[in-house]
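Structure record follows, encoded as structure tokens.
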Amino acid sequence: MKRTYTLRSEFDEKKQEFLRKRDREVYHVKRKDKPEYKKAQKATYEKHKEKNKPIQRNRMLKRKYGLTLEEYKYLFEEQNGVCAICKTTEECRMLAVDHNHESGKVRGLLCGSCNRALGLLKDNPELLSRAKEYVS
């Protein structure tokens, strides 16, 4: 059986182009860009913010360190709520989870300053001992 092909007329092509352009302009306005949507989203976020904090924290701990929120609380209680290095408390934030970047093993909980210091010294024991000698 012989196949027959129909060529689109120039009118059909112009009509298709017009419809595509109209659809892009009219129908492809993203819902999230509309002001009413943003307002409703913000209201929902504010309404459930406090309830969702532990859920979000649990997800983040599980994703980054393989810890649950209960395990974090256990570590926190084991350290008496203080930083493992400087023994101070974090007033407005939770203690950071310190971990070995190569093995992923959790070492303990640190305040922001101690956590940054270890990060800047690249968790290198040699650099830590040099810093200790320098300060002494």
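Read the figures in this text as sums done on the coordinates, not as results from a lab. Just so we're clear, the structure is a prediction, and the values are computed from it rather than from any experiment. Counting neighbours? That spans all protein chains shown, and the Cβs are built from the backbone with ideal geometry, glycine included.
Side notes on the structure shown:
- Among 125-132, 67-74, the order from most to least packed when residues are scored by Cβ within 10 Å on average: 67-74, 125-132
- Listed by chain and number, the lysines whose alpha-carbon sits under 27 Å from that of K14, ignoring those within fewer than 8 places in the same chain, are K30.
- Kirkwood hydrodynamic radius of the stretch 27-136, Cα pairs, Å: 16.9
- Under 9 Å, Cβ to Cβ, from V106 - net charge with Lys/Arg +1 and Asp/Glu -1: 0
- Taking the Cα centre of the chain as reference, the dipole from Cβ charges on Lys and Arg (+1) and Asp and Glu (-1) amounts to some 1080 debye.
- Candidates D12, D98, D123: whichever shows maximal mean-square fluctuation once the chain is modelled as a Gaussian network with Cα springs under 10 Å: D12
- Proximal charge balance of L118 [Cβ under 10 Å; K/R count +1, D/E count -1]: +1
- In order along the stretch 119-129, the phi-based Karplus estimate (6.51 cos²θ - 1.76 cosθ + 1.60, θ = phi - 60°) of 3J(HN,Hα) comes to x, 5, 8, 6, 6, 9, x, 5, 5, 4, 5 Hz; Gly and Pro are listed as x.
- Based on DSSP H segments of at least four residues, each scored -39500 (n - 2.57), the chain has a per-residue ellipticity at 222 nm of -19000 deg cm²/dmol.
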